[in-house]
Amino acid sequence: MIYKDQLNRKLQIEETPKRIVSLVPSQTELLVDLGLETSIVGVTKFCIHPKELRQRKTIVGGTKRIKVDKIKALKPDIILCNKEENSKAIIESLSGIAPIHISDMYNLKDAFQLISSYGEIFQVQQQASLLIIKIQQERAQFRHYLKEKPKRKVVYFIWKNPWMVAASNTFIDFMLNEAGFINVFNIETRYPEISLDHSKLKDADVIMLSSEPFPFEEKHIEELASLYPEKEVILVDGELFSWYGSRLEKSYKYFVILQNNLTCNL
């Protein structure tokens with residue numbers, strides 16, 4: 001059978017893969033929620049959901065640095081990657097071990113396509129369809145909730161030293177819009193480095209510090225709040241803005257809580 005991944009690469013897969021190596025945390029969680037945990041043989045050290053999974057599977061490195069020999073020894077039927085999480089060099093180093101499926105994520109349509117693709121490849125179409133329906137239902141309820149809500153302008157920090165923000169052409173930017181916010185850096189692309197005196201910061205109503213990939217903490221909130229005392233500076237759950245698998249089912253309820261907890265007036 002010929003399948004295509006989200007880079008339009010063709011994959012030749014003769015039988016349903018029974019030995020899966022996943023190099024992307026959100027995709028690992030998705031596999032588990034599709035009922036495929038027993039087929040997973042290798043994961044990264046960042047595959048933290050479900051919590052005990054890493055104790056039961058072989059850890060093959062991180063998302064940026066992998067142990068090719070470990071992956072090869074697992075004799076996988078398929079290796080799951082992501083264009084943003086895993087470098088071209090990593091993909092090339094895995095060539096010839098097993099078919100490699102690469103995801104490429106910018107919006108909800110891409111997320112649904114990935115879930116559907118996994119449903120087909122791993123023969124769990126019913127579970128995949130049900131998950132998509134559940135996410136769509138959560139989204140519909142949230143969009144109804146948003147109707148009377150004002151749109152606050154936000155900046156979303158993902159890194160420190162250097163300070164970096166999520167801009168347009170990213171899944172995070174899409175999810176910020178989904179959550180009812182306007183990204184003040186939407187005129188720029190990807191993840192630009194900025195200084196803390198950047199003029200755009202003055203336009204924001206809310207400064208968001210993501211829990212990942214940089215682990216922002218209370219001390220960082222205090223640092224930004226001292227520079228911008230008139231802004232609301234908050235820590236947000238990065239997984240619910242950037243994980244594009246089954247965690248999306250939880251994102252919209254989180255967005256309700258987030259919106260309700262904001263105190264800044266417009």
Normalised by the number of residues in the chain, what is the relative contact order in percent for Cα pairs under 8 Å and 6+ residues apart? 16 percent
Taking the dipole about the Cα centre of the chain, with the C-beta of Lys and Arg at +1 and of Asp and Glu at -1, give me whichever of Ala98, Tyr252, His144 is farthest to the positive side. Ala98
What percent do you get for the relative contact order of the range 35-103 when only Cα pairs under 8 Å and 6+ apart count? 26 percent
Given charges at beta-carbon only (K, R positive; D, E negative), |dipole| of the range 2-134 in Debye: 460 debye
Using the C-alpha atoms of the range 1-155, what convex hull volume per residue, in cubic angstrom, is computed? 132 Å³
Only loop residues by DSSP count here, and only those with at most 12 other Cβ atoms within 10 Å; note down the GluC sites (Glu not before Pro) in the range 47-125 that meet that. Glu52
Please label the shape of the range 65-122 as rounded, prolate or oblate, based on the square roots a ≥ b ≥ c of the eigenvalues of the alpha-carbon gyration tensor (a/c under 1.5 means rounded; beyond that, a/b larger than b/c means prolate, else oblate). oblate
Could you put Trp159, Trp243 in order, starting from the residue whose Cβ has the fewest other Cβ atoms within 10 Å? Trp159, Trp243
Using a Förster radius of 22 Å, what is the FRET efficiency between Thr263 and Lys153 based on their Cβ-Cβ separation? Nearest 0.05, please. 0.90
For n ≥ 4 DSSP H runs only, could you compute -39500 (n - 2.57) per run for the chain, divide by its residues and tell me the 222 nm figure to the nearest 500? -10500 deg cm²/dmol
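What is the antiparallel percent of DSSP beta bridges lying wholly in the chain, to the nearest 5?
Roughly 25 percent of the beta bridges in the chain run antiparallel, per DSSP.
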Unit charges on C-beta of K, R, D, E only; dipole of the chain, Debye: 560 debye
Per GNM of the chain with C-alpha springs under 10 angstrom, the most fluctuating residue out of Leu196, Leu176, Leu34 is Leu196
Net charge dipole size for the range 137-266 [Lys, Arg +1 and Asp, Glu -1 on Cβ; Debye, nearest 20]: 480 debye
Neighbour-count ranking for Ile172, Ile20 (other C-beta within 10 angstrom, fewest to most) reads Ile172, Ile20
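For the range 149-261, compute the orientation-averaged projected area of the C-alpha convex hull (one quarter of its surface), in nm².
6.5 nm²
None of the figures in this text is laboratory data; all of them are computed from the coordinates on show. Just so it is clear, the structure is predicted and the values come from calculations on it, not from any experiment. Virtual Cβ from ideal backbone geometry, glycine too; neighbours counted across all protein chains shown.
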